[in-house]
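Q: Can you read through this structure? Questions will come right after.
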Amino acid sequence: MKKNVLIGLLILGVLPGCGKKEEMLEEVTHRDTLPLLPTHPAAFIEINRLDSTIILDIKYATTDNFTGEVLYPEARCFARACMAESLASVSLKARTLGYRLKVFDCYRPQRVQFQMWELAPDTRYVANPNRGSRHNRGTAVDLTLLDSTGTELDMGSGFDEFTERSHRGYAGLSEKQKENRELLTHLMTSTGFTTVTSEWWHYDYFDWESFPLIDVSFDSLEFIELEPVDSIS
Ligand SMILES: [Zn+2]
């Protein structure tokens, strides 16, 4: 597809191959500039190329995570093109309300899933690597909201706190914590994402089943992000 045709389709809010979700791409047209765009919905794109205002705090690139080990060589956030577009729309909505997105994890190579499983084989919090995580498909994101001073909103528990306090139905939240979680939930679920019960910070792209598990390093994605990785042997 010619690039100008693709850009035209994006202006209309239609990325070929992306699932239909009317409100999902509605605000793509309001971006100030169109970056270099992926040519296929299964392609990977680095989120900051679409939206430089999204803050990265990629915990698995540090020792500040439940394993205590550095699992990623670099702090980077990649996602399938469809999901990246949706996340950019969520970010725009959040900024309109005076907030910013801060992401903790995006695409995760499947080999890292095996490392995590060895350290914490608990299916409530870590997907069995043989079945894979939706993060391994490039269709999941862990995130929170920052206020206008850059402070994380109080969500009642921290990222990767594997306790009941992180569950969506946890009854011990304050009114403010509930309100903060509801704001993030509303922004995400109205823009093409679905929730899980055990982690307030985790969201899946609604069409995650359309995208297979992969095990490609960030470095390699950097060079093939504008091509559908599934077609690369
Ligand atoms: Zn997650």
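Q: How many of the residues in the stretch 134-175 are in a loop (DSSP other than H, G, I, E, B), under 25 Å from residue 46 (Cα atoms) and within 13 Å of the ligand (Cβ to nearest atom)?
A: So the answer is 4.
Q: Residue 44: surrounded by 14 or more Cβ atoms within 10 Å (Cβ to Cβ) and part of a loop (DSSP other than H, G, I, E, B), yes or no?
A: The answer is no for residue 44.
Q: Now a separate question. Among the candidates 88, 84, 79, which residue alone is assigned to a strand (DSSP E or B), crowded, with 20+ Cβ neighbours inside 10 Å and within 11 Å of the chain's Cα centre (by Cα)?
A: Sole residue among the options that is assigned to a strand (DSSP E or B), crowded, with 20+ Cβ neighbours inside 10 Å and within 11 Å of the chain's Cα centre (by Cα): 79.
Q: Quick one: count up the residues across the stretch 95-112 that are over 21 Å from residue 76 (Cβ atoms) and assigned to a helix (DSSP H, G or I).
A: Number of matching residues: 2.
Q: Residue by residue through the stretch 85-121, note down the ones that are away from the ligand (no atom under 14 Å from the Cβ), over 18 Å from residue 185 (Cβ atoms) and among the charged types (D, E, K, R).
A: Hits for the stretch 85-121 are 85, 111, 118.
Q: Looking only at the stretch 154-189, count how many residues are of a type in the set (Asp, Glu) and surrounded by 14 or more Cβ atoms within 10 Å (Cβ to Cβ). Don't jump to the end; show me each part of the working.
A: Residues of the stretch 154-189 of a type in the set (Asp, Glu): 154, 160-161, 164, 175, 179, 182.
In the following step, the residues that additionally are surrounded by 14 or more Cβ atoms within 10 Å (Cβ to Cβ) were identified as 154, 160-161.
Count: 3.
Q: Oh, and also: Out of the residues in the stretch 187-210 meeting the condition of being part of a helix (DSSP H, G or I) and in contact with a helix residue (DSSP H, G or I) (Cβ under 9 Å, 6 or more places away or on another chain), tell me which one is farthest from the ligand (Cβ to nearest atom). So that I can check it myself, show each step before the final result.
A: Of all residues in the stretch 187-210, those part of a helix (DSSP H, G or I) come to 187-189, 208-210.
Checking which are in contact with a helix residue (DSSP H, G or I) (Cβ under 9 Å, 6 or more places away or on another chain) leaves us with 187-188, 208-210.
Numbers: 187: 17, 188: 12, 208: 12, 209: 16, 210: 18 Å.
In this case the residue turns out to be 210.
Q: May I pose another question? With the structure loaded, tell me whether residue 147 is more than 23 Å from residue 65 (Cβ to Cβ) and in contact (Cβ under 8 Å) with a residue 40 or more places away in the chain or whether it fails that test.
A: Considered against the rule, which asks whether it is more than 23 Å from residue 65 (Cβ to Cβ) and in contact (Cβ under 8 Å) with a residue 40 or more places away in the chain, residue 147 comes out as yes.
Q: Residues being in contact with a helix residue (DSSP H, G or I) (Cβ under 6 Å, 6 or more places away or on another chain) and either crowded, with 18+ Cβ neighbours inside 10 Å or closer than 18 Å to residue 101 by Cα (or both): count how many of those fall in the stretch 54-71.
A: Within the stretch 54-71, residues that are in contact with a helix residue (DSSP H, G or I) (Cβ under 6 Å, 6 or more places away or on another chain) and either crowded, with 18+ Cβ neighbours inside 10 Å or closer than 18 Å to residue 101 by Cα (or both) number 3.
Q: So in the stretch 51-76, with the set limited to residues that are part of a loop (DSSP other than H, G, I, E, B) and touching a residue at least 60 places away in the same chain (Cβ under 8 Å), which one is nearest to residue 206 (Cα to Cα)?
A: Applying the filter and picking the extreme gives 76.
Q: Among the residues of the stretch 121-144, what is the count of those that are surrounded by 15 or more Cβ atoms within 10 Å (Cβ to Cβ) and either more than 21 Å from residue 77 (Cβ to Cβ) or free of Cβ contacts under 8 Å to residues at least 24 places away in the same chain (or both)?
A: Number satisfying all stated conditions: 3.
Q: Would you please name the residue that is modelled with the highest pLDDT, looking only at residues in the stretch 29-53 that are polar (S, T, N, Q) and farther than 21 Å from residue 99 by Cβ?
A: Restricting to residues being polar (S, T, N, Q) and farther than 21 Å from residue 99 by Cβ, the top hit is 39.
Q: Turning to a different aspect of this structure: Only one residue in 131, 181 is more than 12 Å from the ligand (Cβ to nearest atom), modelled with pLDDT of 95 or more and not aliphatic (A, V, I, L, M), so which one is that? Let's see the steps before the verdict.
A: Working: 131 fails: modelled with pLDDT of 95 or more.
Going through 131, 181 in turn, just one is more than 12 Å from the ligand (Cβ to nearest atom), modelled with pLDDT of 95 or more and not aliphatic (A, V, I, L, M): 181.
The values are calculated or read from the model by the stated rules, or taken from the named source; none is laboratory data. These numbers come from a predicted model, not from an experiment. Because the Cβ atoms are built from the backbone with ideal geometry, glycine has one as well, and the counts that use them run over all protein chains shown.
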